[in-house]
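**Student:** So that we are looking at the same thing, I have put the structure below in structure tokens.
The values are calculated or read from the model by the stated rules, or taken from the named source; none is laboratory data. Keep in mind that what you see is a predicted model, and the values were worked out from it rather than measured. In this analysis, Cβ positions are derived from the backbone assuming ideal geometry, glycine residues included, and neighbour counts consider all displayed protein chains.
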């Protein structure tokens, strides 16, 4: 079975702090994809990144960075110098061979960034 | 601008009533999805469609029905058989079905029971 665990339910930081959102996944698939989405208060999920299981290179995009480690089945997301606009719920998701069209979402981590 | 629209933003359902949530996309995507989101939980798949006139049940299809008569449209009906329909409903689409496809989401519909 496939599973995504985001153990941090809520995180609160002060603006300009760095924050890491954890994501641990379970799958028996060899080929799979991992995603991060952001859900701001408006409700619409916004795609942030996709990573396939064969590409363990870390990714940096502006203040965002992602650390993919197959050895620990983790795909963590770090926001550097957080801003109030980063306040949202962040979802990690997994799509694997055996899941077909199904994308499995974690429960999400709610991030509060205070000014 | 291309995107996904959902209507209405808020919907109220009376006991025993069927209601239909609209989802339209102009991204020319083949695949479309319906998810349900409950407070503090992730998204759960209700139905998905890879192509026109074809759809499959997701993990929580009971009490819901869909149709896919046009590529752009994938309406979801919440029937009276769904005993706990209060939730936030999200529609999504992707270029094609498949595990590597990124899904793009609409703004959602919040359904409340009177």
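**Student:** Kindly indicate which of A:24, A:13 is crowded, with 16+ Cβ neighbours inside 10 Å and over 22 Å from residue B:102 (Cβ atoms). Spell out the reasoning first.
**Tutor:** Working: A:24 fails: over 22 Å from residue B:102 (Cβ atoms).
Going through A:24, A:13 in turn, just one is crowded, with 16+ Cβ neighbours inside 10 Å and over 22 Å from residue B:102 (Cβ atoms): A:13.
**Student:** Here's something else I'd like to know. Given the conditions (1) free of Cβ contacts under 8 Å to residues at least 12 places away in the same chain; (2) surrounded by 11 or more Cβ atoms within 10 Å (Cβ to Cβ); (3) not in a loop (DSSP other than H, G, I, E, B), and given that residue A:43 satisfies all but one, which numbered condition is not satisfied?
**Tutor:** Of the numbered conditions (1) free of Cβ contacts under 8 Å to residues at least 12 places away in the same chain; (2) surrounded by 11 or more Cβ atoms within 10 Å (Cβ to Cβ); (3) not in a loop (DSSP other than H, G, I, E, B), the odd one out for residue A:43 is (3).
**Student:** Given the conditions (1) in a strand (DSSP E or B); (2) under 24 Å from residue A:101 (Cα atoms), which single one is not true for residue A:28?
**Tutor:** In the conditions (1) in a strand (DSSP E or B); (2) under 24 Å from residue A:101 (Cα atoms), residue A:28 misses (1) alone.
**Student:** For region B:98-114, enumerate the residues that are within 21 Å of residue A:94 (Cα to Cα) and either buried (at least 19 other Cβ atoms within 10 Å of the Cβ) or modelled with pLDDT of 95 or more (or both). Even if it seems obvious, please write down each step before you answer.
**Tutor:** Just the residues of region B:98-114 that are within 21 Å of residue A:94 (Cα to Cα), to begin with: B:98-106.
Result: B:99, B:101, B:103, B:104, B:105, B:106.
**Student:** Right, something else. State all residues of region A:62-106 that are surrounded by 16 or more Cβ atoms within 10 Å (Cβ to Cβ), assigned to a helix (DSSP H, G or I) and more than 14 Å from every other protein chain (Cβ to nearest Cβ); if no residue qualifies, say none.
**Tutor:** A:86
**Student:** May I pose another question? Within region B:38-49, is there a residue that is surrounded by fewer than 22 Cβ atoms within 10 Å (Cβ to Cβ), on the phi > 0 side of the Ramachandran plot, within 10 Å of chain A (Cβ to nearest Cβ) and modelled with pLDDT under 95?
**Tutor:** Yes, region B:38-49 contains a residue that is surrounded by fewer than 22 Cβ atoms within 10 Å (Cβ to Cβ), on the phi > 0 side of the Ramachandran plot, within 10 Å of chain A (Cβ to nearest Cβ) and modelled with pLDDT under 95.
**Student:** Tell me, which residue of region B:60-114 that is part of a loop (DSSP other than H, G, I, E, B) and within 17 Å of residue A:45 (Cα to Cα) is farthest from the other protein chains (Cβ to nearest Cβ)? Quick ask: steps written out before the conclusion?
**Tutor:** Residues of region B:60-114 that are part of a loop (DSSP other than H, G, I, E, B), as a first pass: B:60-63, B:67-69, B:71-72, B:74-75, B:79-86, B:95-103, B:106-108, B:114.
If we keep only those that are within 17 Å of residue A:45 (Cα to Cα) too, we end up with B:95, B:101-103, B:106-108.
Details: B:95: 12, B:101: 8, B:102: 5, B:103: 7, B:106: 7, B:107: 5, B:108: 4 Å.
Restricting to residues being part of a loop (DSSP other than H, G, I, E, B) and within 17 Å of residue A:45 (Cα to Cα), the top hit is B:95.
**Student:** From B:21, B:45, which residue is without any contact (Cβ under 8 Å) to a residue 24 or more places away in the chain and assigned to a strand (DSSP E or B)?
**Tutor:** Criteria check complete, one pass: B:45.
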